[in-house]
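Participant: Quick one: the structure is below, and I'll ask about it shortly.
The values are calculated or read from the model by the stated rules, or taken from the named source; none is laboratory data. All values reported here derive from a predicted model rather than from experimental measurement. Backbone-built Cβ (ideal geometry, glycine too); neighbour counts: all protein chains shown. These accessible areas exclude ligands, DNA and RNA; they are computed on the full protein's heavy atoms, side chains included. Shrake-Rupley method; radii C 1.70, N 1.55, O 1.52, S 1.80 Å.
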Amino acid sequence: MRALYERQAGPLYSYVLRLLKGDPHRAEDIVQETLLRCWQHHELNDEAELLRPWLFRVARNLVMDEYRVRRTRPREVDSAEWLTDTHLESDGFDQILSGVVVGEALRKLSAPHREVLHLLYFQGLTTQEAAFSLGVPHGTVKSRAFYGLRMLRTVIQSQGSDVTEEKEQSEAA
């Protein structure tokens, strides 16, 4: 079996990979299943080269069977597509609310961190362009962006916990 694998797996894998349009994981599964069927149905002796056409036909049949099963099976739909299909459209309120929360959190950051985040995320500059614009080294911009995002995340999380505490206090009263 090892000799068969060493001689046939490479060319068989290349063939199946072409049939599957480059999906390496499915190709490995098909090659493994093909070689397993060969091991179950044939005497593995010196006639291994004569098995090549049979192996390629079995692999092709496995690919075709998989294709047919996928065609007859109902198409899977991800959650984003499902929401689009049900015509649930956002009224923009969530986006506005997120903008207000982020805006308040940005005001709590230091000016250098806020400046770097504004250039990178609102103006779309690269770190090199932001460094040139601010007249600081490239590494400084990267550092300020990293720590600025960390502080922004902390501020937003603390705002969320403040809202939860206020809600719990109002419910208790």
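Participant: In the neighborhood of Val63, defined by Cβ-to-Cβ distances under 15 Å, what is the net charge if each Lys or Arg adds +1 and each Asp or Glu adds -1?
Facilitator: Working: positive: Arg18, Lys21, Arg26, Arg37, Arg57, Arg60, Arg68, Arg70, Arg71; negative: Asp23, Glu28, Asp29, Glu33, Asp65, Glu66.
With Lys, Arg at +1 and Asp, Glu at -1, the neighbours total +3.
Participant: Could you give the length gained on full extension between Ile96 and His41, defined as 0.36 nm per residue of separation minus the Cα-Cα distance, in nm?
Facilitator: Gain on stretching Ile96 to His41: 13.3 nm.
Participant: Another one. Let me check the size of region 102-151 from its C-alpha atoms; what are the radius of gyration and Dmax in Å?
Facilitator: Just the Cα atoms of region 102-151 yield Rg and Dmax of 9.9, 28 Å.
Participant: Using a 1.4 Å probe and ignoring any ligands, DNA or RNA, find the accessible area of Asp94 and quote it in Å² to the nearest 10.
Facilitator: 100
Participant: Still on this structure: Tally Lys and Arg at +1 and Asp and Glu at -1 over the other residues with C-beta under 13 Å from the C-beta of Leu134: what net charge comes out?
Facilitator: Numbers: positive: Arg114, Lys142, Arg144; negative: Glu115, Glu129.
Residues near Leu134 contribute +1 overall.
Participant: Okay, next question. Go through Phe93, Phe132 and list them by solvent-accessible area, largest first, probe radius 1.4 Å.
Facilitator: From most accessible down to least: Phe132, Phe93.
Participant: Roll a 1.4 Å probe over the protein heavy atoms and report the accessible area of Val58 in Å², nearest 10.
Facilitator: 20
Participant: Also, quick follow-up: Order of 148-154, 135-141 by packing, highest average Cβ count within 10 Å first?
Facilitator: 148-154, 135-141
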